[in-house]
Amino acid sequence: MIRWRHFINFSLRHYFIKETMRRNDFRFFPLAHQDLHLLSWFTPYVKVWAIVSLVELIAIVALCCRFIRRLTQKAAPSLLLMATLLMLFQPSTATAFFQLIYSERILTLLLIGYAVSYLAYQEKQQESTFLITLLLATLGIFFKDIAPIMFILPAIFILILGLAGRIKGKPSYRELTSNTFFKHYRLELWLTGVGVIFIGCFTILSLIPSLYEGDNAFREHEKIFEIGTRYIGLLVFISIRSWRIVQKQNQGNLLDALNFSALFYSIAVYAFTGFRDGSYLALPVQMIVVLDALYAWTIWVSPYLSKRMRENSVGLIGSTACTLLIGSDFFQKENFFSTVHDVSQQQVIWENTYNSTRRRLKNARSNGEEINLIFTDSWFTRKRHLDKLPFNRLVYLDPGKNTYIVQDGEGTGKAYTPQSGDFLINIDRENIDELVHDLDQYKKIYSAKKDSRAGTLYRRK
């Protein structure tokens, strides 16, 4: 039985901070995963964390609807149902929300909160919405190294469109004086300033040290730019809106700025590691795609149908269209259901490998053997479950330097030379052969799944 005292788990953990600041390459995300670290202060139960993750998803859906209603000043039929279907049943949501290790969840929540607050400030110019928008943007840009694209570029696009006379309520450059410029573009200028602060922090804390070390965050493997139906919809929506704005048929708005930011964000993801619109990395982009679909439904489709049929019928058509779009995902390599299956299978592999390793190490200890357990780069570290396994030494293999260091047990902190009989655990890495250069010196004694390199246990010959 869980009691309230079980939810008092507060303690300062230095390695939580060190985890996100230990890199010496171009990556810079000091707040990544800190939401989970804060949550761990209140409860160690992963099921509670999963409930919080569900609340985050519900909040994202609700804020998407609020953004569209505020932007369009209309209440379209079945808007909430459509938002739920489109946001939930996509592979990027399945990965980001079914695994608790990704910061894209909180990043997407901050982004839609920022968008709603930004829109509210554009309407009423209240000091509270100004400060909230600024706060959410400041938090958001430090959760991901490319997050400034989603939080700062919209302000720059609003500034450009406004000066060109293409934003309602914003004076063009011909109508400006120094006083009116700072008055009407106050938030945009402040957000741009936040971007400058980020660049300064990035340069001092990450770029200069990485140049000194000679490391590069851009992965050297072949990158792909893989898109599906939803991303094509994003490009079509951007094209239509851009044409109408250029032809002066419509004024630009915050959604247009978010769309262009999503486009640049996907390019940045591609530059770092390759872009797949079903990946968890694409979750902020997919949220913008949902906003586009809801906007198109509210402004273009729903009014046309409402003149010809009842509201219930219109809502049914909208829900059916969303279902068909979700169905089209099945023709892609990644879809919601296949991703959920893959994630669940991955977690089963991790659990089985950990439990099997525990049993084998216990048997070896009962036979009087000295147990030296080696691990390398992984989500599972000394502070994440490996310290619970029985061993005499827990040894970390640094794949970059190809060195062995004892992290726990006899000789902690000292260099280590692998010996015959040592165990090598690989719970979650498919590229174990790239991380362990002398893998041929080990014999595989356990594999959780035949066609997977993850979930394996080796013993040195």
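The values are calculated or read from the model by the stated rules, or taken from the named source; none is laboratory data. Computed from a predicted model, the values in this text were never measured in an experiment. Neighbour counts are summed over all protein chains in view; Cβ atoms, including those assigned to glycine, are modelled from backbone coordinates with ideal geometry. Note: accessible area is taken over every heavy atom of the protein model, side chains too, but ligands, DNA and RNA are not part of it. Shrake-Rupley method; radii C 1.70, N 1.55, O 1.52, S 1.80 Å.
Brief remarks on what is shown
- Annotation: amide H-H contacts under 5 Å for F225 (H modelled 1.01 Å from N, sequence separation of 5 or more, or interchain): F275.
- Here region 189-337 has an Rg and Dmax of 19.8, 67 Å, counting Cα atoms alone.
- Label point of F225 set 7 angstrom out along Cα-Cβ; within region 246-273, amide nitrogens under 20 Å from it belong to 257-273.
- Expressed as a fraction of 2.2 N^0.38 Å, the value expected for a compact globular protein of N residues, the C-alpha radius of gyration of region 337-428 is 1.17.
- Normalised by 2.2 N^0.38 Å, with N the number of residues, the alpha-carbon radius of gyration of region 44-133 equals 1.20.
- Sequentially through region 303-311, phi angles give Karplus couplings (6.51, -1.76, 1.60; θ = phi - 60°) of x, 5, 6, 5, 6, 10, 7, 6, 5 Hz, Gly and Pro residues having no value and appearing as x.
- Candidate residues D422, D408: accessible-area rank, largest first, probe 1.4 Å: D408, D422
- Taking 7 Å steps out from each Cα toward its Cβ at I101 and K401 produces label points 2.3 nm apart.
- Under the Karplus curve 6.51 cos²θ - 1.76 cosθ + 1.60, θ = phi - 60°, whole-Hz ³J(HN,Hα) for region 281-296, x wherever Gly or Pro sits: 5, 8, 4, x, 5, 5, 5, 5, 4, 4, 4, 4, 5, 5, 5, 4
- Accessible heavy-atom area order of V301, V55, V61, highest first, probe of 1.4 Å: V55, V301, V61
- Rounded to the nearest angstrom and listed largest first, the equivalent-ellipsoid semi-axes of region 281-439 from its Cα gyration tensor are 54, 16, 13.
- Working from Cα pairs under 8 Å separated by at least six residues, relative contact order for the chain is 15 percent.
- Mean separation of Cα contacts under 8 Å (6+ apart) over length of region 259-393, as relative contact order %: 14 percent
- Note on the chain: helix-only mean residue ellipticity at 222 nm, from DSSP H runs of 4+ residues weighted -39500 (n - 2.57) and normalised by residue number, equals -17500 deg cm²/dmol.
- Coupling constants for region 224-230 follow from the phi torsions by the Karplus curve (6.51 cos²θ - 1.76 cosθ + 1.60, θ = phi - 60°), and in residue order they are 10, 10, 9, 10, x, 4, 5 Hz; glycine and proline get x.
- Shown are K388, K74, whose ranking by accessible area with a 1.4 Å probe and every protein chain present, most to least, is K388, K74.
- Average accessible surface area per residue within the chain, 1.4 Å rolling probe, Å²: 51 Å²
- Overall shape of the chain was characterised from the C-alpha gyration tensor. The equivalent ellipsoid obtained from it has semi-axes of 46, 26, 20 Å, in decreasing order.
- Fraction of accessible area attributable to carbon and sulfur, the chain (%, probe 1.4 Å): 60 percent
- Charge sum, other residues only, whose C-beta stays under 13 Å from R358's C-beta, Lys/Arg counted +1 and Asp/Glu -1: +3
- Sequence-distant residues sharing a close amide H with V395 (under 5 Å, placed H): L373, I374, F375, Q407
- Over the Cα atoms of region 52-92, the radius of gyration divided by the Kirkwood radius equals 1.00; this is the Rg/Rh ratio.
- For I445, the residues 5 or more places off, or on other chains, whose built amide H falls under 5 Å of its own are L457, Y458, R459.
- Among beta bridges identified by DSSP and lying wholly in the chain, the antiparallel ones come to about 65 percent.
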